[in-house]
1. Averaged per residue, what accessible surface does the range A:1-101 expose to a 1.4 Å probe, in Å²?
2. Which of the listed residues, A:VAL110, A:VAL100, A:PRO82, is farthest toward the dipole's positive end in chain A, when Lys, Arg count +1 and Asp, Glu count -1 at the beta-carbon?
3. Taking a probe of 1.4 angstrom, what is the accessible area of A:ILE101 in Å², to the nearest 10?
4. Work out the length of the dipole vector of chain B about its Cα centre, built from +1 on the beta-carbon of each Lys and Arg and -1 on the beta-carbon of each Asp and Glu, and round it to the nearest 20 debye.
5. Measuring from the lowest to the highest alpha carbon on each principal axis, how far does the range B:3-100 reach, largest first, in angstroms?
6. Counting alpha carbon pairs within less than 8 Å and at least 6 residues apart, what relative contact order, in whole percent, applies to chain B?
7. Given charges of +1 on the Cβ of Lys and Arg and -1 on the Cβ of Asp and Glu, with all other atoms neutral, how large is the dipole of the protein assembly as shown about its Cα centre, in debye to the nearest 20?
8. Amide H to amide H under 5 Å from A:GLU15: which residues, 5+ apart in sequence or cross-chain, H placed 1.01 Å off N in plane?
Amino acid sequence: QQQVRQSSQSLTVWEGETAILNCSYENSAFDYFPWYQQFPGEGPALLIAIRSVSDKKEDGRFTIFFNKREKNLSLHIKDSQPGDSATYFCAADDTNAYKVIFGKGTHLHVLP
Amino acid sequence: GALVYQYPRRTICKSGTSMRMECQAVGFQATSVAWYRQSPQKTFELIALSTVNSAIKYEQNFTQEKFPISHPNLSFSSMTVLNAYLEDRGLYLCGASTDGVQDTQYFGPGTRLLVL
């Protein structure tokens, strides 16, 4: 059973648009949700994260919207740039477990 | 800043042989180290979680006999893939985190394993 689901394998937007990447999860015990950005040939890098007590987290062009009742969240990338083209992984963490469960990733293409 | 190094970055081994990979945390104390495998078609599979002063916990489908892990201090961990076969190929990632700054897991660039 997949505990963290990302609704799209791939997403294409034009430069300047807002990219929206969706994610949902199963386990109510998850209380921390990091998003990772991975470029080809590299390991994942932490992009932005939110705790379940919050419904929104913003950092520059990146915003997470979180809905605890619905068990879903989304990553919004404003003013998308070609350099944002990468694979984005939604992840969830039970903070007592020190391990992160990843979704399968959404590959974002930003066209110039 | 917090950095995690992994080496080698890429390695090729013959089927049935073993391969050791290393993970080094710099700038923070790696109280916990999680080893993952990212296969071509899959997301990250957690292999095991090693926490200082606790036993190493292996996930289902992964065993110590196949993936022995060492975590001797707060900056270093290694994992060996024993008797590697084709299904073991992939990108092996080390994710390190520290007590007190829980949740923030820093990843290394990975060791890509090719098995011939």
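1. Numbers: 4990 Å² over 101 residues.
That works out to 49 Å² for each residue.
2. With unit charges placed on the Cβ atoms, the residue in question is A:VAL100.
3. 40
4. Values: 10 positive and 8 negative charges, 89 e Å.
Its charge dipole is roughly 420 debye.
5. 40, 26, 24
6. 38
7. 440
8. Amide H to amide H, under 5 Å and 5 or more residues apart or across chains, A:GLU15 pairs with A:LEU111.
The values are calculated or read from the model by the stated rules, or taken from the named source; none is laboratory data. None of the values given here were measured: they were computed from a predicted structure. Cβ sites come from the backbone with ideal geometry, for glycine too, and all protein chains shown count toward neighbours. Ligands, DNA and RNA are excluded from the accessible area calculation, which covers all protein heavy atoms including side chains. Shrake-Rupley method; radii C 1.70, N 1.55, O 1.52, S 1.80 Å.
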